[in-house]
Amino acid sequence: MRTFARKLADLITGGTAPAGNQKQRRPRFTRRDLIRMESRIGGQLFGPVPKGHRREFFCLDRDTWVWYEEWIDPTTRKRVSTTTRYEVHDNGVLKVQQGQPYTFVEGQELTNLVWAMHLYYEEVARNIYGYDPATGKPMTVGA
Amino acid sequence: MLNTINSPTTNPGRNIEMWPYPAGATESEATTAITSDNAQLTEEYLQHQYAERVLSDDVYADRDGSGIDPAHAEDALRQAAEAVEQASAEVSNAYGTVPVAEQFYTPEQNRAASSHAQIYAPRIEDMRDHHLSLAESFN
């Protein structure tokens with residue numbers, strides 16, 4: 001759980017910069033960079049993000065998807081956020097939210113979630129990794 | 001309808017709390033779903049009760065051991081069918097006609113969607129790994 005929280009916090013806040021190497025920008029992406037790029041695509045899959053909201057939706061690892069939403073509460077003017085973790089198990093997709101009982105996602109919500117995963121895969125395959133999502137093979141220039 | 005009447009599996013004691021409803025449903029959606037569950041269970045219960053009463057009294061009594069009179073049995077079944085229709089009407093009047101089938105996904109549909117959810121993350125992780133290993137090899 002702590003590992004998940006640390007991974008998530010790093011992704012959302014940008015994490016702490018690694019000590020040393022401050023002078024030199026690394027030319028290649030880390031896994032975290034890739035996930036943050038994917039997340040920008042993921043956050044747009046559910047329609048327009050309301051003004052003042054920040055939405056992230058991304059695949060964290062082989063079994064976990066995360067929905068993060070952040071906004072300013074209009075009454076308190078404080079920043080509030082919710083994080084929903086979707087754990088994919090053999091027997092279903094478990095939805096985990098702070099302060100809420102764990103539930104298996106079902107029905108329309110599950111259909112919508114799977115559809116979002118599908119779109120996410122298609123978009124990141126094409127636009128970040130240059131893969132044809134239908135064949136799973138690299139797209140060739142001019143093809 | 002006769003299948004319903006003769007079904008030995010009718011279980012009016014089934015716990016409605018265990019029936020699934022969409023996890024993301026709002027309170028009113030969940031309430032509607034549970035109400036429609038109630039309606040269906042109540043209908044089943046009434047069918048069961050009517051069927052039990054009519055069948056046990058008229059068809060299965062055979063108290064003198066002379067066998068069941070087919071004409072008598074047919075009449076009893078007709079009465080049972082009417083009773084079931086009456087029960088359905090009572091339930092509809094009491095709860096309205098919420099299309100239960102549209103409120104829920106079957107367990108099979110949920111299983112199929114869940115197994116679909118397992119496809120994408122490993123593919124994405126493979127693309128990440130491949131991308132990172134390519135970048136590594138260029139350095």
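Ordering A:118-125, A:100-107 by mean Cβ neighbour count within 10 Å, with the highest value first, yields A:118-125, A:100-107.
Between A:TRP115 and A:THR75, the simple spin-label model (points 7 angstrom out along Cα→Cβ) gives 3.2 nm. Given R0 = 45 Å, the distance between the Cβ atoms of A:ALA134 and A:THR30 translates into a calculated FRET efficiency of 0.95. Residues of the range A:82-116 that lose at least 50 Å² of accessible area (1.4 Å probe, protein heavy atoms only) when the other protein chains are present, relative to their chain alone, are A:GLU106, A:LEU110, A:VAL114. Each of A:ARG126 and B:HIS130 was given a label point 7 Å from its Cα along the Cα-to-Cβ line. The distance between the two points is 1.7 nm.
Provide the buried accessible surface between chains A and B in square angstrom, both chains summed, 1.4 Å probe, rounded to the nearest 100.
On the way: alone 10440 and 10260 Å², together 17810 Å².
Summed over both sides, the interface buries about 2900 Å².
For A:MET139, the amide hydrogen comes within under 5 Å of the amide hydrogens of A:TYR131, A:ASP132, counting only partners 5 or more places away or on other chains and with H modelled in the peptide plane. Taking amide H atoms as placed 1.01 Å from N in the peptide plane, the amide H of A:ARG62 has no partner under 5 Å among residues 5 or more positions away or on other chains.
Highest mean first, the peptides A:56-69, B:116-129, A:86-99 sorted by other C-beta atoms within 10 Å per residue fall in the order A:56-69, B:116-129, A:86-99. Placing pseudo-labels 7 Å out from each Cα toward the beta carbon at B:ILE119 and A:PHE46 gives an inter-label distance of 2.2 nm.
The values are calculated or read from the model by the stated rules, or taken from the named source; none is laboratory data. Note that the structure is predicted; figures quoted are calculated from it, not measured. Note that we place each Cβ from the backbone using ideal geometry, even for glycine, and neighbour counts take in every protein chain shown. Remember, those area values only see protein heavy atoms, side chains included, never the ligands or the DNA or RNA. Shrake-Rupley method; radii C 1.70, N 1.55, O 1.52, S 1.80 Å.
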